[in-house]
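Structure record follows, encoded as structure tokens.
The values are calculated or read from the model by the stated rules, or taken from the named source; none is laboratory data. The structure presented is a predicted model; accordingly, all values stated were derived computationally and were not measured. Note that each Cβ is placed from the backbone with ideal geometry, even for glycine, and that neighbours are counted across all protein chains shown.
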Amino acid sequence: MIHITLPDGSVKQFEAGVTPMEVAKSISEGLARNVISARFNGETVETVTPLTTDGSLVLYTFRDDEGKKAFWHSSSHVMAQAIQELYPGSKLTIGPAIDNGFYYDVDFGEHAISENDFKKIEDKMLEIARGKHDFSMRSATKKEALELYKKENNPFKVELIENLEDGTITFCDHDTFTDLCRGGHIPNTGIIKAVKLMNVAGAYWRGDENNPQLTRIYGISFPKQKDLKEYLELLEEAKKRDHRKLGKELELFTFSSKVGQGLPLWLPKGAALRSRLEDFLKKAQQKAGYEMVISPHIGSKELYVTSGHYAKYGEDSFQAIKTPNEGEEFMLKPMNCPHHCEMYNSKPWSYRDLPKRFAEFGTVYRYEQSGELHGLSRVRGFTQDDAHIFCTPDQLDAEFKNVIDLVMYVFGNLGFEDFTTQVSIRDPKKPEKYIGDVENWEKAENAIISAAKDKGLNYVIEEGEAAFYGPKLDFMVKDALGRSWQLGTIQVDYNLPERFELSYTGADNESHRPVMIHRAPFGSMERFVAILLEHTGGNLPLWLMPDQAIVLSLSEKYENYAKKVSNVLENHEIRALADHRSETMGKKIREAEINKIPYMLIVGETEEQNGTVSVRKHGGEDLGEMSGEAFAKLIHDEVQSTVKQFNH
């Protein structure tokens, strides 16, 4: 008999050889109908894998990320089979699950594939799926695997197998199809009920432009047709909310090929939006005891060698800038933290002086690949709302919790209410990825987990996701469309203080190392604005809107009165436009709606006589007539009700 521990902590006893599916059936038939994947003792297993030892079992359905991964990975196998049957001679390479669906890279040889072929491939996939073929894993020797793909004249699979160790090679079979695979599948093809191929693109084998170019087909699949319909509707809504589209319509930012790829240009309205976000955080930081600092956009290469950033990120940075002085090299700043370490080092400190909290809206530069650039969400130059706290080990817990409070304050004021947290720790199997000793890493990881528990955060622990110099707490936010984004991060760092030889004098009059906390509630201003635009669909909180109101005069006759109204609004520090054009009121309102202006103040003969304005909200709600003063109060009351003060 073996003992299986379930996620709720309960332990069930079974005969050795029981499968995850049989465990699911012992819990409920309903669960068994929905289980599609499993994990045993931290390893992905099939639902029919015999369990022969005591261990922890997690069962996944399509609602779980791991379940989706198995579902989409299995779907890529079905797509590969459909491609081979429809296009004989095609050579398969790799076909993983991704965040939204799956893809397969294929050498189609003489066949030219376009979106016109999608329907044919989809139909073939559904035909295969209806056969309810079981997915079955089997082991193979390296010799057997090589013989199979040499016989098929597939150099890509041969190359993959040559890099594998004998005894570790497995295949997955279903129907008449077999593929080199590590595992992680749904029980059978029949669970796949809806399929949609999304797009086709070119991709170099193994991402190297010196290798052959392949055809990459992206797809997505679901266990119900209804799920696919909802997903496609969500995609349409996402297109409307695309921050690149909204940024252009609202005149917030632009890009120029002459300036350079991935270098955003903030237009007046966008610059004002950024400034308001910065002011919002600066006020909260001031209350929390932060001091603003400014560091240059470049630094000596030696600075980043000392910090370890050059060794870890040198390839992703812009090349060093050489000066006329021999051996003198500078780099565009990839991180703010080394500069802040040197600021701390500018004078001696006592334990009585700590914590020191240095904050900066610091612009940094990373050489992202051109294919990875995406609007504001992936750029080469971006501004971090960075801060670094230097504290004693005894102060670490309180300081870390105070930063959590600050992040929660930011989220609460900007409408991000649905979030989880992730404790990102090192991968103990890959020590070469990190700097510093194990003891300091363990202290830092335990400090984060303790703070997350004490603050009642809903968190998960993810191995291998830490920064190279320390573990971190990442905030994963869901937007209005249910998409998850990593926003805001807090890191505990014992390593940079060592590398920069930071110190303070303790109560014992001896020299000690401070602990360093890195934090950025927004992350980067660029990415945060992109996510905020897509979350709100461009209907930003009133206090952030570039234009809060627009005065629309019925005709040019009322222009003077409209100007008086505008002056009243200006005196009350309300951001307002005026439209006195000789256009129809219908057209003016439509344009104001497109520009997402929250309030429209319509003025004509009646309003001029009564000294009032007729107020219309974005979206069509009529608020009736009121004085300019009354409207100003309405705006101020709304702003005050939505922006809570940071009480530290």
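A compact table of results
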| item | result |
| --- | --- |
| Scan of region 168-192 for residues that are assigned to a strand (DSSP E or B) and either outside the structural domain of THR93 (by TED's automatic domain parsing) or in contact with a strand residue (DSSP E or B) (Cβ under 9 Å, 6 or more places away or on another chain) (or both), ordered by number | THR170, PHE171, CYS172, ASP173, HIS174, THR178, ASP179, LEU180, ASN188 |
| In region 193-209, the residues that are outside any strand (DSSP E or B) and of a type outside the set (A, V, I, L, M, F, W, C) | LYS193, ARG206, GLY207, ASP208, GLU209 |
| Selection within region 590-623 - among the aliphatic types (A, V, I, L, M) and closer than 25 Å to HIS243 by Cβ | ALA592, ILE594, ILE597, MET600 |
| Some residue of region 119-135 being crowded, with 16+ Cβ neighbours inside 10 Å, at pLDDT 95 or above and of a type in the set (Gly, Ala, Ser) | yes |
| Qualifying positions in region 98-116 - surrounded by fewer than 18 Cβ atoms within 10 Å (Cβ to Cβ) and not hydrophobic (A, V, I, L, M, F, W, C) | ASP99, ASN100, GLY109, GLU110, HIS111, SER114, GLU115, ASN116 |
| VAL438 vs. criteria surrounded by 19 or more Cβ atoms within 10 Å (Cβ to Cβ), in the same structural domain as ALA466 (by TED's automatic domain parsing) and of a type in the set (Val, Ile, Thr) | no |
| Residue ID - nearest to PRO497 (Cα to Cα), chosen from residues in region 434-458 that are part of a loop (DSSP other than H, G, I, E, B) and among the small types (Gly, Ala, Ser) | GLY436 |
| Per-region count, region 576-609, residues farther than 17 Å from SER555 by Cα and surrounded by fewer than 19 Cβ atoms within 10 Å (Cβ to Cβ) | 3 |
| Residue check for LEU552: in contact with a helix residue (DSSP H, G or I) (Cβ under 7 Å, 6 or more places away or on another chain) and more than 28 Å from ASN413 (Cβ to Cβ) | yes |
| Count of residues meeting criterion [touching a strand residue (DSSP E or B) at 6+ places or on another chain (Cβ under 7 Å) and either within 27 Å of LYS429 (Cβ to Cβ) or assigned to a strand (DSSP E or B) (or both)] in region 459-508 | 34 |
| Cβ pairs under 6 Å, 6+ apart, first in region 21-47 and farther than 12 Å from GLU66 by Cα, second among the charged types (D, E, K, R) | ALA32/LYS25 |
| THR44 vs. criteria under 21 Å from ASP134 (Cβ atoms), at pLDDT below 95 and within 25 Å of the chain's Cα centre (by Cα) | yes |
| When residues of region 281-300 are limited to those that are among the small types (Gly, Ala, Ser) and in contact with a Lys or Arg (Cβ under 9 Å, 6 or more places away or on another chain), the one farthest from LEU406 (Cα to Cα) | GLY299 |
| Subset of region 218-228 [closer than 23 Å to PRO96 by Cα and part of a helix (DSSP H, G or I)] | GLN225, ASP227, LEU228 |
| Some residue of region 258-276 being within 23 Å of the chain's Cα centre (by Cα), within 24 Å of ALA70 (Cα to Cα) and of a type outside the set (Asp, Glu) | no |
| Residue ranges of strands (runs of 3 or more DSSP E) in region 1-77 with at least 3 members surrounded by 14 or more Cβ atoms within 10 Å (Cβ to Cβ) | 2-5, 37-40, 55-60 |
| Qualifying residues in region 510-539 (those that are among the acidic types (Asp, Glu) and not in a loop (DSSP other than H, G, I, E, B)) - the one modelled with the lowest pLDDT | GLU534 |
| Filtered residue count, region 163-220, keeping only those that are surrounded by fewer than 16 Cβ atoms within 10 Å (Cβ to Cβ), over 26 Å from the mean Cα position of the chain (by Cα) and basic (Lys, Arg) | 1 |
| Candidates ALA480, ALA452 - the one that is assigned by TED's automatic domain parsing to the domain that holds GLN384, farther than 26 Å from VAL305 by Cβ and modelled with pLDDT under 85 | ALA480 |
| Flag if PHE361 is among the hydrophobic types (A, V, I, L, M, F, W, C) and buried (at least 18 other Cβ atoms within 10 Å of the Cβ) | yes |
| Options PHE500, PHE419, PHE468; residue that is within 15 Å of the chain's Cα centre (by Cα), surrounded by 15 or more Cβ atoms within 10 Å (Cβ to Cβ) and not β-branched (Val, Ile, Thr) | PHE419 |
| Any hit, region 602-614, residues being under 28 Å from ASP279 (Cβ atoms) and either under 30 Å from the mean Cα position of the chain (by Cα) or among the β-branched types (Val, Ile, Thr) (or both) | no |
| Whichever residue in region 301-341 is charged (D, E, K, R) and surrounded by fewer than 17 Cβ atoms within 10 Å (Cβ to Cβ) and, among such residues, is nearest to the chain's Cα centre (by Cα) | ASP316 |
| Verdict on GLU147 being in a helix (DSSP H, G or I), acidic (Asp, Glu) and closer than 20 Å to HIS185 by Cα | no |
| Tally, over region 283-297, of residues that are surrounded by fewer than 15 Cβ atoms within 10 Å (Cβ to Cβ) and either in contact with a strand residue (DSSP E or B) (Cβ under 7 Å, 6 or more places away or on another chain) or assigned to a helix (DSSP H, G or I) (or both) | 8 |
| Any hit, region 352-371, residues being among the aliphatic types (A, V, I, L, M), more than 26 Å from the chain's Cα centre (by Cα) and modelled with pLDDT under 95 | no |
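A quick yes/no check of all residues on (1) modelled with pLDDT of 95 or more; (2) farther than 18 Å from ASN188 by Cα; (3) touching a strand residue (DSSP E or B) at 6+ places or on another chain (Cβ under 8 Å):
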{"position": "ILE83", "(1), (2), (3)": "yes, yes, yes"}
{"position": "LYS91", "(1), (2), (3)": "yes, yes, yes"}
{"position": "TYR104", "(1), (2), (3)": "yes, yes, yes"}
{"position": "GLU110", "(1), (2), (3)": "no, yes, no"}
{"position": "ILE113", "(1), (2), (3)": "no, yes, yes"}
